[in-house]
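Here, each number is a calculation from the coordinates, and none is a lab measurement. Everything numeric in this text was worked out from a predicted model, so none of it was measured. Cβ coordinates were reconstructed from backbone atoms using ideal geometry, including for glycine residues, and neighbour counts include every protein chain displayed.
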Amino acid sequence: MDYKPDDKYWKQHLSLPLWQLIVLSLDIEPRSLIPGFNEGEFHGWPNAEKQKAYSERRSVALNHLRNGNLKLENPFQQRRYGYEYYMDVLISDFVSWIRSSTINWKIPKWLKDLELNVEQPEAPKKPNTKEENTWAKLLAVVLTMEPLNYSQPHHAANIIQAQGKAIGVDLGERTIADKIKMISSIKKCTVASEPEPQISE
């Protein structure tokens with residue numbers, strides 16, 4: 001009998017009963033086993049060593065499940081004592097639990113890869129702190145001034161730079177001019193995109 005699991009079949013599942021996941025972690029096909037008289041026990045193992053390993057892993061998994069370290073797929077599902085082996089667990093959760101420092105069981109590579117195939121949320125991009133600080137400084141200076149004519153960016157930049165030095169804010173004239181040009185270009189694009197008002201006859 002071929003005890004190797006059909007990984008192509010099992011990879012299509014998102015969750016499985018706990019007992020099947022434990023058997024798969026031993027690289028054995030769950031469908032090759034025969035249910036025993038007691039709950040969670042099976043016959044037809046390839047050897048006594050695998051049967052012992054299953055019993056040990058079953059005991060550990062059940063202990064962690066009852067203590068909240070291993071989660072059921074549906075946390076609101078009623079757990080009947082002794083029947084937890086037949087309740088579903090997400091494969092990704094099961095593999096993550098196995099690979100934790102306290103468990104770290106040896107499992108087949110194809111099963112380990114199922115955890116890696118789960119899409120992870122994209123890490124947030126780090127803000128451009130220098131750019132944000134520049135804008136914050138510029139705003140702090142402009143708010144202390146009378147309205148300016150920004151049609152000549154470098155002239156306005158000189159005035160803003162002088163005001164900045166007066167209140168202890170250090171900004172380069174060229175940096176200020178570039179920011180003024182950037183704001184002006186955005187304003188022009190906004191104005192250009194606005195539809196012309198329709199005059200009714």
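Remarks
- Placed amide H near Ser15: partners under 5 Å, 5+ positions off or other chain: Ile91
- Separation of the Tyr150 and Trp110 label points, Cα + 7 Å toward Cβ, nm: 6.3
- Length released on extending from Lys52 to Ala140, taking residue separation times 0.36 nm less the Cα-Cα span: 24.5 nm
- Contact order relative to length of the range 129-189, as percent, for alpha carbon pairs under 8 angstrom and 6 or more apart: 32
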